[in-house]
Amino acid sequence: MALRSEHSRQSILQATLKLIDEREPDSMSVQQLSIERIAREAGVSKTTIYRWWPNKAAVIIDTFLENHILATPVREDLPAIEAMREHIVALAKVYNGYEGRLMAQLLAEAQYDADTLEEFKRHFWRPRREAVGRLIERAQAEGALRDDLSAELIAETVYSPVYFRLLFQEGSLETEAVLAGFDLVMEGVKRR
């Protein structure tokens, strides 16, 4: 039974990815997508989808996370500043393509739907913020960053430019531009 359930779950995630992947001929926006359409594409019932997810936003967020976490690891085997630098470059690369447009749609949807916003925060934002926070705290413990600033403030200062560029489509998400901004912020938060 568990194997069958996992097969159905994976079918749902794959169907969702196909439906919102702008590279696919019949793709649609997050706003256009429905549970009914996902169920039809996956060959499952709506009840099967609702067994795992409360709404379409939760399905889309899990679909996004399946690939996003693998593409943007927060490494623990590097010095913290190097790991943070690598993470922000990986994040910008992902957001500079198809997944960035999906992220922007999810954030837009969350502005009008409190359930979507809560799902997004619970499944994506808070766990990623915690991972980055631990990385910054490690950098502080290593003596690389000021310890008179909170990890949260440093994270907001480092990562905000990426999200600004993503949402407003102003500025570049190319590696050189992102690293220039990262280096500029590091000048203000590194321990002297």
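We did not get these values from a lab; they are worked out from the coordinates using the rules stated. Since we're looking at a predicted model, the values are computed, not measured. Glycine gets a Cβ as well: all are built from the backbone with ideal geometry, and neighbour counts include every protein chain shown.
Descriptive notes on the structure:
- Axis of helix 56-71 versus longest Cα principal axis of the chain: the two differ by about 50°, to the nearest ten degrees.
- Assuming charge only on the beta carbon of Lys and Arg (+1) and of Asp and Glu (-1), the dipole of region 21-127 about its Cα centre is about 140 debye to the nearest 20.
- Qualifying GluC sites (Glu not before Pro) in region 93-192, DSSP loop, other Cβ atoms within 10 Å at most 10: 170
- The long axis of helix 126-141 is offset from the longest Cα principal axis of the chain by roughly 20 degrees.
- Nearest-ten-degree value, helix 98-110 long axis tilted from longest Cα axis of the chain: 80
- Think of it as helices only: each DSSP H run of n ≥ 4 in the chain is worth -39500 (n - 2.57), and spread over all residues that comes to -22500 deg cm²/dmol at 222 nm.
- Taken over region 122-169, the percentage of Cα pairs per 5 Å bin, counting from 0 up to the bin with the maximum distance, is 5, 21, 24, 23, 15, 9, 3, 0.
- Rg and Dmax [Cα atoms of the chain; Å; Rg one decimal, Dmax integer]: 18.4, 59
- Taking the charge dipole of the chain about its Cα centre, with +1 at Lys and Arg Cβ atoms and -1 at Asp and Glu Cβ atoms, the residue from 141, 98, 120 reaching farthest to the positive side is 120.
- Magnitude of the charge dipole for the chain, about its Cα centre and with charges confined to Cβ atoms of Lys, Arg (+1) and Asp, Glu (-1), is about 420 debye.
- The count of lysine pairs in the chain with alpha-carbon distances below 22 Å, taking only pairs 8 or more places apart or on different chains, stands at 6.
- Selected from 67, 39, 179, residue furthest toward positive end of dipole (region 38-192; charges at beta carbon): 39
- Entry note, region 1-104: relative contact order of 24 percent, from Cα contacts under 8 Å with a spacing of 6+ residues.
- Amide H within-cut-off set for residue 145, under 5 Å, with H built and near neighbours excluded: 140, 191
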